[in-house]
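J.: The structure's right below; bear with me while I get my questions together.
The values are calculated or read from the model by the stated rules, or taken from the named source; none is laboratory data. Because the structure is a prediction, the values reported are computed rather than measured. Cβ placement follows ideal geometry from the backbone for every residue including glycine, while neighbour counts extend to all protein chains displayed. Note: accessible area is taken over every heavy atom of the protein model, side chains too, but ligands, DNA and RNA are not part of it. Shrake-Rupley method; radii C 1.70, N 1.55, O 1.52, S 1.80 Å.
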Amino acid sequence: MERNRTARRCRTHPWPRTRRHRRRPRRRFRSEPGRPPPCTLYALEFAFVFSTVISFPYLISLVEERLPGTSTGVSGVMFALPHLCYLLVAMPVHRAFHHRPRLGLALGFLCIALGLAGHGVAGSLPAFAAVRLVLGAGLTLGLVCLSVLAADCAKGRAPGGMFGSLEFFSKAGAVAAGVAAAVGTASFGPTAPVLIGTAVALATIVPIALPFVNPLGTRWSR
């Protein structure tokens with residue numbers, strides 16, 4: 001009697017079976033919606049470094065041309081203003097654009113283009129300081145938002161290889177900017193580098209602001 005009752009209980013409430021460990025299929029690293037593919041990130045890094053670095057090598061010569069009689073100390077302050085801007089506002093910018101890096105990056109390139117273009121027309125020290133601060137705003141937005149996009153792009157990938165490649169394109173942008181600044185200054189004067197940087201920054205805004213023209217066909221707006 002007791003044996004029959006136990007058998008009925010086992011049929012009604014069977015013991016849980018041990019789960020077998022199934023081999024998961026290898027995950028393919030694809031560019032998911034909402035994150036940029038690595039090649040797009042590398043191109044953005046190259047364009048950002050190129051457009052920001054190109055104004056630095058011959059900035060002193062540009063200040064002397066636009067503002068004759070300016071002391072070397074004042075020129076040094078003009079050189080440092082964009083970096084000072086980054087140190088002061090990087091954290092608030094990160095909080096504001098952490099969930100909207102594409103928008104922040106587009107605004108960053110726009111500020112870079114406006115700041116660089118302003119270098120060619122600024123005729124007074126306050127005006128020159130203002131355009132340097134606009135460039136600093138672009139520098140800050142670009143650095144912060146590219147860092148957010150890089151961290152997002154690294155999810156599900158081997159971060160060592162990706163960040164190594166990112167650093168390679170960053171250095172390549174700096175080298176290309178130095179060469180372009182030297183050739184442009186030798187051929188057209190110290191205003192040429194800022195005009196070249198303006199053109200590159202404006203051209204980069206298009207694929208960021210209009211994801212439908214992304215050459216890879218991947219919509220990565222967030």
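J.: For the range 150-165, how many residues meet the condition of being surrounded by fewer than 18 Cβ atoms within 10 Å (Cβ to Cβ) and in a helix (DSSP H, G or I)? Spell out how you get there, then give the answer.
T.: Taking the range 150-165 and keeping what is surrounded by fewer than 18 Cβ atoms within 10 Å (Cβ to Cβ), we get 151-152, 155-165.
From the residues that got through so far, the ones that are in a helix (DSSP H, G or I) too are 151-152, 159-165.
Summing the residues that are surrounded by fewer than 18 Cβ atoms within 10 Å (Cβ to Cβ) and in a helix (DSSP H, G or I) in the range 150-165 gives 9.
J.: So the check is Cβ under 6 Å with 6+ separation or different chains; which pairs have a first residue in the range 74-91 that's open to solvent by 30 Å² or more (accessible area, probe 1.4 Å) and a second one that's in a helix (DSSP H, G or I)?
T.: Between residues of the range 74-91 that are open to solvent by 30 Å² or more (accessible area, probe 1.4 Å) and residues that are in a helix (DSSP H, G or I), the close pairs are Phe79/Leu59; Tyr86/Leu139; Tyr86/Thr140; Val89/Thr140.
J.: Open to solvent by less than 20 Å² (accessible area, probe 1.4 Å) and either within 18 Å of Phe50 (Cβ to Cβ) or modelled with pLDDT of 95 or more (or both): does that describe Ala122?
T.: Taking the combined requirement at face value, the residue does not satisfy it.
J.: While we're on this one: Please give the number of the condition Pro33 fails out of (1) at pLDDT below 90; (2) more than 15 Å from Leu149 (Cα to Cα); (3) exposed (fewer than 12 other Cβ atoms within 10 Å of the Cβ).
T.: Every condition holds for Pro33 apart from (2).
J.: Continuing with this model, one more query. Of the numbered conditions (1) more than 12 Å from the chain's Cα centre (by Cα); (2) under 24 Å from Ser55 (Cα atoms); (3) surrounded by 15 or more Cβ atoms within 10 Å (Cβ to Cβ), Phe168 fails exactly one; give the number of that condition.
T.: Failing condition for Phe168: (3).
J.: Same structure, new question: Would you say Val134 is closer than 26 Å to Pro68 by Cα, buried (at least 19 other Cβ atoms within 10 Å of the Cβ), of a type in the set (A, V, I, L, M) and without any contact (Cβ under 8 Å) to a residue 60 or more places away in the chain? Break it down into steps so the answer makes sense when it comes.
T.: On the way: closer than 26 Å to Pro68 by Cα: yes; buried (at least 19 other Cβ atoms within 10 Å of the Cβ): yes; of a type in the set (A, V, I, L, M): yes; without any contact (Cβ under 8 Å) to a residue 60 or more places away in the chain: yes.
For Val134, the condition - closer than 26 Å to Pro68 by Cα, buried (at least 19 other Cβ atoms within 10 Å of the Cβ), of a type in the set (A, V, I, L, M) and without any contact (Cβ under 8 Å) to a residue 60 or more places away in the chain - is met.
J.: Also: Among the listed residues Val194, Val144, which satisfies the condition of being under 25 Å from Pro36 (Cβ atoms) and open to solvent by less than 30 Å² (accessible area, probe 1.4 Å)?
T.: Exactly one of Val194, Val144 is under 25 Å from Pro36 (Cβ atoms) and open to solvent by less than 30 Å² (accessible area, probe 1.4 Å), namely Val144.
J.: Listed residues Val144, Val213; which is among the β-branched types (Val, Ile, Thr) and modelled with pLDDT of 95 or more?
T.: Val144
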